[in-house]
Amino acid sequence: MPTIITHAAVPLAAALALGSGRLPWAAALAGVAAAVAPDVDAIAFKLGIAYGSMAGHRGLTHTLLFALLLGLAGYALAPRWRMARWAGYCWIALCALSHPLLDMMTNGGVGIPLLWPFDTAHHFFAWRPIEVSPLSLKRFLSARGLSVMQSEILYVWLPLLAAALLLFAARGLRRQRHF
């Protein structure tokens, strides 16, 4: 899996691209929470639940169904964010969905049951450039962890930052044309 920091990168980049006028910071922070929420299933390791089972890590919380259900929180919170309910729903569902999609780009683990319950297979993308992150802090603070961060910066952070800055600049140019 990518690090929790990198899972937060998707909603943060989207928030930068959209700007606070379109996406309030409270919604952006909720998007970050939704993007990291699927890893709550890591508690399964402490409970002795098998890795890859639907109740374990990379199980139920790494599915499209989970993302769609979590989107209901965005639907409920949207009025507080002064957003249309459908926009709040889509925002949170897409942020949650970014998590398993990033995990499908890693080079380790058991894959993601993205389409469960319709398809029980665990999937990866054909292109898997992200180094899978070690789960222990001790192993993360090693050469292995440095390798993970380098792959995440190269294949996630830099492309997201470039896309966000381009969209941010395009919004600025569009505003200038209206004056």
Subject >> the range 52-179: C-alpha gyration tensor shape, a/c 1.5 cut-off, then a/b vs b/c >> reply: oblate
**OP:** Would you mind finding the longest exposed-site-free stretch of the chain, with exposed trypsin sites (Lys or Arg not before Pro) meaning DSSP loop and at most 14 other Cβ atoms within 10 Å?
**Re:** 83-179
**OP:** Take every Cα pair under 8 Å in the range 1-110 that's 6+ residues apart, average their separations, divide by the length, and report that relative contact order as a whole percent.
**Re:** 30
Original post:
To the nearest 500 deg cm²/dmol, what mean residue ellipticity at 222 nm is calculated for the chain from DSSP H runs of n ≥ 4 alone, each contributing -39,500 (n - 2.57), summed and divided by the residues?
Top reply: -17500 deg cm²/dmol
Original post:
Counting only residues 5 or more places away or on other chains, whose amide H sits under 5 Å from the amide H of residue 123 once H atoms are built in the peptide plane?
Top reply: 112, 114
Original post:
Taking the alpha carbon gyration tensor of the range 1-114, what are the square roots of 5 times its eigenvalues, largest first, to the nearest whole Å?
Top reply: 27, 14, 11
**OP:** State, to one decimal in nm, how far the label point of residue 118 lies from the label point of residue 175, with both points 7 Å from Cα in the Cβ direction.
**Re:** 4.0
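Values quoted throughout were computed directly from the atomic coordinates according to the rules given, and no laboratory measurement underlies them. Please read these numbers as outputs of a predicted model, since none were measured by experiment. Here Cβ is always computed from backbone atoms with ideal geometry, including for glycine, and neighbour counts include all displayed protein chains.
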